[in-house]
Amino acid sequence: MSSDEKTQVRMRSSQDRGGEWLRSVVRILVIWAIEVLGLLLMAWLLPGVRLESLLATVVAVAAMGILNALLWPLLSTLILPFAVLTLGLLSLALNAALVLLAAEFVNGFQVMGFWPALWLTLGLTAANTILSGLLTIDDDNSWYRNVVQRRMRRRGRRAADTEPLETNVPGILFLEIDGLARPVLERAMEAGYVPTMARWLQSGSHRLVGWETDLSCQTSASQTGILHGNNENIVAFRWWDRARRQVVSSTNPRELARLETESSDGDGLLAQGGASRCNMFSGDAPSVMLTASVATDLSRFRTAEFGAYFSNPYNFSRTLLLAVWDILLEKWQFRKARRQGVSPIMDRKKRGGIYPVLRAFTTIVMRELNVYTLIGDMFAGVPSAYATFVGYDEVAHHSGIESEDAFDVLRKLDRQLARLESAARHAPRPYHIVLLSDHGQSEGATFKQRYGMTLEELVQQLATDTYRVQGSADVHEDWKHLNVFLTESIHHERKAVSGLLRRLLEARTRDGRVGLGPEDHTPAPSQADDAVSHIVVLTSGSLGLVYSSRRDTRATLEEIETVYPGLVDGLVQHEGIGFAMVRSEAHGSIVAGPRGRRHLVDDRVEGEDPLTDYGPNAAEHLRRTDGFLDAPDILVNSFYDPQTREVPAFEELIGSHGGLGGWQMSPFLMFPADLSAPEEPIVGAASLHAVLKTWTESQAS
């Protein structure tokens, strides 16, 4: 480079720094004005807060800002374990204490006790959040970003025993949007809900491809394959373990830990210094947070992972207010949908009660923890991180996959992607941001809404009263994320800190895991009466699994027809069933539909092919599942209408996934154009793992 070119580069760099400095000053003044207006408003609303003049208000805002700037970095470090284990409440109390301290220093500013100070903190946070959002002020471009940078770089030094290297070798963020199908993403971009993602594609910085999931298409199967390259014998979200005679549920951290042990070879996607955030499995990452498979592993949990989130004194109060707003929003959205006669729609029981709180935990709390922790990971220079954003999946289950409610979640998540993109510019290394989903969702009125009975009740009807049919509790993923957070908390390394929380949750803790919400297990059937046979029916979206629970091996079609005559034919002829797969002793595995059969051994079809509407790879997916050790005696899939794309779930969910049919098997992969594009269509989570692993290895080399 010539001397003139170097001079021009220095001049441009100086101009950029000058422009950034000017923007920072303007931003500080604007936020100061917002805080002054907020303080005046709260003083008018709260009898315990008094301001004597506008000057006192301005000085009070300055005093609170200075105290936070001087004291919060130290205090947040000291209280971090306590803040996490009190679910953030301690940080809120400390905010109130700093307000009281500011009042001691400022003449004309009085706060009459702790509770007025607490309400004042929440009020100022609300005003800042609302007005900053309206004025599109990026709160991360602030002094607190520098605090996070310093703290996370210290974390990076401790992890690597050296200063995080300023390097041009990019790291990779894998951001999973749970349950988002590629066609739904494309419609959201067309409608303007996700401008950040749309900009990435339009600018050419990213490419978008689809991929096809395995059967079953749900998170425990997909994420194990994506993160570990192996998801053998994960039959569904829940299935019957013949050897142990019990239900394996993907809501149980103990079972997930066992599955990870069986699936991992120690060299998962994140094994080389990576970080796992809010996932079901760890990908062998050395750094984990809210990862279900390691939730009870004391050696893996560190409250330091929450450091970036608690570096800002107002993060918890902001998250709390956003969560309260989301609870109110869910109630309003449900009432609006009922008034407008939206169909299909969930009943009040499924969208009432505790559900709005659980929704807020997934759409707000987990999102905020994810985003701030990822910013911290980038500032620490981690080589890779994988994080799951579960909000869209949760809302789409209850409101519909293309509902205004679900698209609103995507719109808000898209803003967080812009924040991550902005933060990446300040990291010690560049970062590739890869977006993907683990599966999609299909939609339709549920099986019970259409036919007045569950799959379990249908099997009981066909099996007659001679045989008792059992099913698992109607528990979806609503409680799982909160239970993982609480399970991690009670296993904190500081026993004195976590003791109180452990005692409070003792009645709902089993085998070291917290289990709030309905129980999700099916007890082993009684052996008292050998004349009584038992059938276990388990469901995952549009996929149903029927097991004879007294058998150690899979029952053949001939045995089923001998013991339960008419059961298979009764299922196949029901209008809500698309097909059933059974294994015949004489003919091998057969897929039976209402008007024909397909033999999986040689793909011979008798009559009409029952798999015609389920995609070109449907037979191969079924053959793979048929080979699993715990494959069901009867695998049942609900019908799929290719014209309306309707799928009736066996669970009470409007948007569903787990079986074959529709967009549930059509997730997406959006990746930087600098990374090598997949050479072949991606079919199966293990195939996607191979692509992602190639990227991480190429960046490390």
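The values are calculated or read from the model by the stated rules, or taken from the named source; none is laboratory data. On a predicted model such as this, the values are computed, not experimentally measured, just so you know. Cβ coordinates were reconstructed from backbone atoms using ideal geometry, including for glycine residues, and neighbour counts include every protein chain displayed.
Would you say LEU669 is under 23 Å from the mean Cα position of the chain (by Cα), closer than 26 Å to SER249 by Cα, among the hydrophobic types (A, V, I, L, M, F, W, C) and not assigned by TED's automatic domain parsing to the domain that holds VAL546? Against the criterion (under 23 Å from the mean Cα position of the chain (by Cα), closer than 26 Å to SER249 by Cα, among the hydrophobic types (A, V, I, L, M, F, W, C) and not assigned by TED's automatic domain parsing to the domain that holds VAL546), LEU669 does not qualify. Only one entry in GLU606, GLU575 is in the same structural domain as PRO642 (by TED's automatic domain parsing) and part of a strand (DSSP E or B), namely GLU606. If the condition is being under 28 Å from the mean Cα position of the chain (by Cα) and crowded, with 22+ Cβ neighbours inside 10 Å, then region 604-624 contributes TYR614, ALA618, HIS621, LEU622. Give the residues of region 421-432 that are within 26 Å of PHE668 (Cα to Cα) and surrounded by fewer than 23 Cβ atoms within 10 Å (Cβ to Cβ), sorted by residue number. If the condition is that a residue be within 26 Å of PHE668 (Cα to Cα) and surrounded by fewer than 23 Cβ atoms within 10 Å (Cβ to Cβ), then GLU421, SER422, ALA424, ARG425, PRO430, HIS432 are the ones that fit. When LEU80, LEU100, LEU71 are checked against the criterion of being at pLDDT 70 or above, in the same structural domain as ALA33 (by TED's automatic domain parsing), touching a helix residue (DSSP H, G or I) at 6+ places or on another chain (Cβ under 6 Å) and part of a helix (DSSP H, G or I), a single residue qualifies: LEU100.
Residues that are among the small types (Gly, Ala, Ser), surrounded by fewer than 18 Cβ atoms within 10 Å (Cβ to Cβ) and touching a residue at least 60 places away in the same chain (Cβ under 8 Å) within region 443-470 comprise just one, ALA445. In region 604-624, the residues that are closer than 11 Å to VAL591 by Cα form Cβ pairs under 6 Å with partners that are in a helix (DSSP H, G or I), at six or more places apart or across chains, as follows: LEU611/ALA618; LEU611/ALA619. Put simply, of ALA690, ALA619, ALA686, ALA631 the only residue that is in a loop (DSSP other than H, G, I, E, B) and either at pLDDT 95 or above or out of contact with any helix residue (DSSP H, G or I) (no Cβ under 8 Å at 6 or more places or on another chain) (or both) is ALA631.
Evaluation of VAL683 against the conditions (1) in the same structural domain as ASP347 (by TED's automatic domain parsing); (2) buried (at least 19 other Cβ atoms within 10 Å of the Cβ); (3) among the aliphatic types (A, V, I, L, M) shows that the sole unmet condition is (2).
Considering PRO356, PRO344, the condition of being touching a residue at least 12 places away in the same chain (Cβ under 8 Å) and within 18 Å of the chain's Cα centre (by Cα) is satisfied by PRO356 alone.
Once region 253-285 is narrowed to residues that are touching a residue at least 60 places away in the same chain (Cβ under 8 Å) and surrounded by fewer than 23 Cβ atoms within 10 Å (Cβ to Cβ), the residue that is farthest from ALA387 (Cα to Cα) is ARG254. In region 571-582, the residues that are within 17 Å of GLU651 (Cα to Cα) form Cβ pairs under 9 Å with partners that are buried (at least 23 other Cβ atoms within 10 Å of the Cβ) and among the polar types (S, T, N, Q), at six or more places apart or across chains, as follows: GLY576/SER638; ILE577/ASN637; ILE577/SER638; GLY578/SER542; GLY578/ASN637; GLY578/SER638.
Return only the number of the condition from (1) modelled with pLDDT under 80; (2) part of a helix (DSSP H, G or I) that LEU55 does not satisfy. Failing condition for LEU55: (1). Pairs are defined by a Cβ separation below 6 Å, a sequence spacing of at least 6 or placement on different chains, a first member in region 102-114 that is over 15 Å from LEU46 (Cα atoms), and a second member that is of a type in the set (Asp, Glu); the pairs so defined are GLY108/GLU52. Checked against the criteria, HIS426 counts as touching a residue at least 40 places away in the same chain (Cβ under 8 Å), assigned to a loop (DSSP other than H, G, I, E, B) and farther than 30 Å from GLY352 by Cα.
Exactly one residue out of VAL582, VAL568 is assigned to a strand (DSSP E or B) and more than 30 Å from the chain's Cα centre (by Cα), and it is VAL582.
Quick grid of which residues meet (1) aliphatic (A, V, I, L, M); (2) within 24 Å of ALA308 (Cα to Cα):
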{"site": "VAL342", "(1), (2)": "yes, no"}
{"site": "PHE361", "(1), (2)": "no, yes"}
{"site": "SER399", "(1), (2)": "no, no"}
{"site": "ASP405", "(1), (2)": "no, no"}
{"site": "ARG425", "(1), (2)": "no, yes"}
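Screening VAL409 with (1) assigned to a helix (DSSP H, G or I); (2) surrounded by fewer than 24 Cβ atoms within 10 Å (Cβ to Cβ) gives one miss only, at (2). Screening region 186-234 for residues that are of a type in the set (A, V, I, L, M) and part of a helix (DSSP H, G or I) and picking the one that is surrounded by the most Cβ atoms within 10 Å (Cβ to Cβ) gives LEU227.
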